[in-house]
Each structure stands twice: as C-alpha cells, then as structure tokens.
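Below: the structure, in structure tokens.
Readers should treat all values here as calculations from the given coordinates under stated rules, not as data from a laboratory. None of these values were measured; they are calculated from a predicted model. Quick reminder, even Gly has a Cβ in these numbers, built from the backbone with ideal geometry, and neighbours come from all protein chains shown.
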Amino acid sequence: RLSHQTCPTAALFSSERGRSREAERVWTHCRGSAAMGNAQEKPSGSGGGGTRPDQATAGSRMRSRSGGSIKKSHTQGDSKKEVANGTQRENIPAGGQEMQGSPKPDTSYLDAPAGALPPHLARLKNEGNHLFKHGQFGDALEKYTQAIDGCAEAGIDNPEDLCILYSNRAACYLKDGNSTDCIQDCTTALELQPYSLKPLLRRAMAYESLERYRKAYVDYKTVLQIDTGVQAAHDSVHRITKMLIEQDGPEWRDRLPEIPVVPLSVQEQHRQKPISIEQAQARAARAAQEEARRKEAQFTLLKQKGNDLVKEGRFQEALEKYSECLILKPDECAIYTNRAICLLKLSRFKESKQDCDAALQLEPANKKAFYRRALAYKGLKDYLSASSDLQEVLQLDPNVREAEQELEVVTSLLRQSLMDNST
C-alpha cells in the first residue's frame, strides 16, 4: 500500500470523499514506479536471468518497504567475485588494471630455531619477537601469551623456554607501562630459571618505575654480580643510591632487603655463554664509554690537584700532575699553558717555550701562551722575540696591563742589549 509519503504528488489530488481521476492516474503511475524499483533491487547474479548488470548501480541505496532499512548493492571494492556477461572474474582495482603479482613479505623468521618448543609454538614466539622489534608491543604480548598458554595445553614444562616467554612478555608489559604485570612475569621467570639476567633487569626497572627503590636496588646489584658490564645497572645503582640516602638517611643500607649472593657457578656459566655480534658491539661501546668517563674523572682530579699546588707555590709537584694530565689528554691546550708557568718558575725557559709552542699550535690566538712564551724568551735573553709576543698579546687584547708593563721592561732590556753589543 502506498502512502502519501511514498508518493507526495498523489497527496495533492486527494480529497476526503475519494480520489479524483487525476489522483487515480498519479496513484497508478506511482504503483508502477514502485514495482519497477522492486524489480531493480535484485542484486546481479542472484538468479532469474532477467536482470542485466547495468541495472545494479555501484553504491546505490534503497529503502525497503517493510522496515525502512538501507540496503547497499555490491561496490567496486567488494572482495566477492562479480558476475559480468555470464563470466566470473576477480575484482579489478580502481584504475582498471589488474594487480600484478606483488612480492610476498619475508616470513622466514617464523621458522627460526626457538629452543625446544614445537614448531607451532616456536612460530608464535618468533612472531612475537618480530612484532616487539618493530614496536608493536601489544600484538607481541598476545603472541607470547598464546605461546605460554599453548605450552600449558601441550604439557610442556621446559624451564628455559618458559622463562624466556615470560621474560619476553614482561618486556612488553614494561614497554606499555604495566609495571605490576611486568614484575609478576619476571618473578615467574626467575622461579623457572633463578638468576636469569633479563628478568632481573626488567623487574628492577619495573620496581624503579613504581618508586619501590629498595627492591629495585637489590635487583640491580644482583644483575651486577652476574655481569659487571651492564651499564644500565651501574647508572641505576648510582641514581637510586642518592634517592635512598635522601629517603632513609645515613642508615639507608640497613633498610634494604637482603641482597642474594649469586653462586660462582652461575657467574661462570653466564661468562661462557656465546654472545651475538650486536651484544659484542654493545659491550664494546659501553666499555669505551666507561673508559672515557674514567679518564675524564681522573683528568679533572689531576688538573685540580695541579692548580692547588701552583697556588701553594709547589711548582715541581704541580708540573708532575700536569704531565700526567697530558698523558690522558695530549691535546688539552690549557694544560700546556699551566705547565709552562711551572717551568718558568723553575727557570726551565726552553721547556716552557716548547709548551707554549704546543699550545699555540692547538689555539693560535691563545693570549696566555703568547704572554708566557714572551716570559720564556725573556729568560732566554731573546728580547726581540719577547717583544714580538707581547705586542701580539696587546693586539689580541689591548687591556692586558701585565703585557704593557712587561713590554716596557723587555724594550728597555732590548735597548740595553743593543748598546752593549755596539761597544
């Protein structure tokens, strides 16, 4: 039955007593249109053989007579096969050209060895590793969980494989900021394989993120018993120690949980484990950084001791400290100028000049080097060279009062020297 909403034109010709002839004609027209619409609503390929492909327009929508719902015809992007001219064919992408065979993604990593896990569980673990490396931590977590559940269903209780799965899942929790579940998985992993390095380190990080500093400190110290080369553990111990001192005062050590003693056999076993190229490179980089930090700290200490000795007038001892500094950092200009003044005070003018020469090779506009070399030339009675260096100082900085005064002295000595030679 057609309503006025279905055919608004007919409503214009309606009356309370009945329809006029014109209205009847319009109603008849509307019925015919609706019937045609129903016939066109059939999707192509649905049978009957009376519908042509061009009657079903891509993306068209029709309101059904019963419930008013919207029906969509097949679109060009539909994954199903279309029927055209009685022949089935695969959909053709926009642009009208069929897709050529695109290269398949490399999935060889799925079949990599994964301990003693059966193939289907090994693939889950390897897929989790792949996802984790690409930052998809939530998806990786699901794969590790499926592998853990699969081990339980298959009755697999290999401690080493399960420890790795729990430790890997803990890493996903840690990346997603779920420290509580990370701690739980790490604890399970450590129950399976006591003193495993990665679960210990990850649990320490999780404890630290939750501000449970005492437990974090214990785990970091345990890690360092196993492998002293874990720089992250060293840095964290220093950082947490300061926090614990602020939190608990001088007695902070007394409030720590007991730090377990790692058996020597575990330490030796860890040292004998083969490492990958990446691990070797990382260790070498950490060792280089640690050596650089050690040298920098030693250099700073020696330089400060040398400066203090100069203030005390102990120039020979200061010279020795500066010489040790130059062994650590042979290109440090300030050390050459500092040692030069010690040599001046010890009347070792030639050596002082050599140190100033070295400083000027490193910094050609170093005022201190020019000034102290001038004093060395003065000690060597080369007043002309001394005068030249002092003028260089004043050219760099006209406000160096000491250079002006020294230039007057050197000029006088030069004049006297010339007079003595002329007689």
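Side notes on the structure shown:
- Among 371-381, 315-325, the order from most to least packed when residues are scored by Cβ within 10 Å on average: 371-381, 315-325
- Top positive-direction residue, dipole computed over segment 109-191 with Cβ charges, set P118, G150, H134: H134
- Ascending count of other beta-carbon atoms within 10 Å, so fewest first, for K125, K215: K215, K125
- On the basis of the beta-carbon distance and an R0 of 25 Å, E160 and L264 show a calculated FRET efficiency of 0.75.
- Members of K305/K353; K133/K215; K295/K381 lying beyond 31 Å, as alpha-carbon distances in this model show: K295/K381
- When each of Y109, Y336, Y383 is scored by the number of other beta-carbon atoms lying within 10 Å, the sequence from fewest to most is Y109, Y383, Y336.
- Distance-filtered residues of segment 164-184 - backbone nitrogen under 11 Å, label point 7 angstrom along S209 Cα→Cβ: 170-183
- Between segment 288-346 and segment 120-172, the Cα center-to-center distance that results, in Å: 55 Å
- Segment 339-423: radius of gyration over Cα atoms, expressed as a fraction of 2.2 N^0.38 Å: 1.07
- Coarse-grained scattering of segment 194-273 at q = 0.10, 0.12, 0.20, 0.26 Å⁻¹, given as base-10 log I(q)/I(0) from a Debye sum over alpha-carbon atoms: -0.23, -0.33, -0.85, -1.26
- Other residues with beta-carbon under 11 Å from the beta-carbon of G229 carry, at +1 per Lys or Arg and -1 per Asp or Glu, a net charge of +1.
- Cβ-Cβ distance of Q231 and T180, R₀ of 25 Å, FRET efficiency by 1/(1 + (r/R0)^6): the value works out to about 0.40.
- For segment 109-191, the alpha carbon positions stretch 31, 29, 17 Å along the principal axes, listed from largest to smallest.
- Averaging the sequence gap over all C-alpha pairs within less than 8 Å and six or more residues apart, then dividing by the number of residues, gives segment 194-273 a relative contact order of 32 percent.
- Projected label distance in nm at K273 and Q298, using a 7 Å step from Cα toward the beta-carbon: 3.1 nm
- Each label was represented as a point 7 Å from its Cα along the Cα-to-Cβ direction; for A152 and D331 these points are 6.0 nm apart.
- Inter-part distance where segment 382-423 and segment 238-275 are each reduced to a Cα centre, Å: 64 Å
- Cross-link reach is defined here as a Cα-Cα straight distance under 19 Å, omitting same-chain residues fewer than 8 places apart; for K104 the aspartates and glutamates meeting it are E127.
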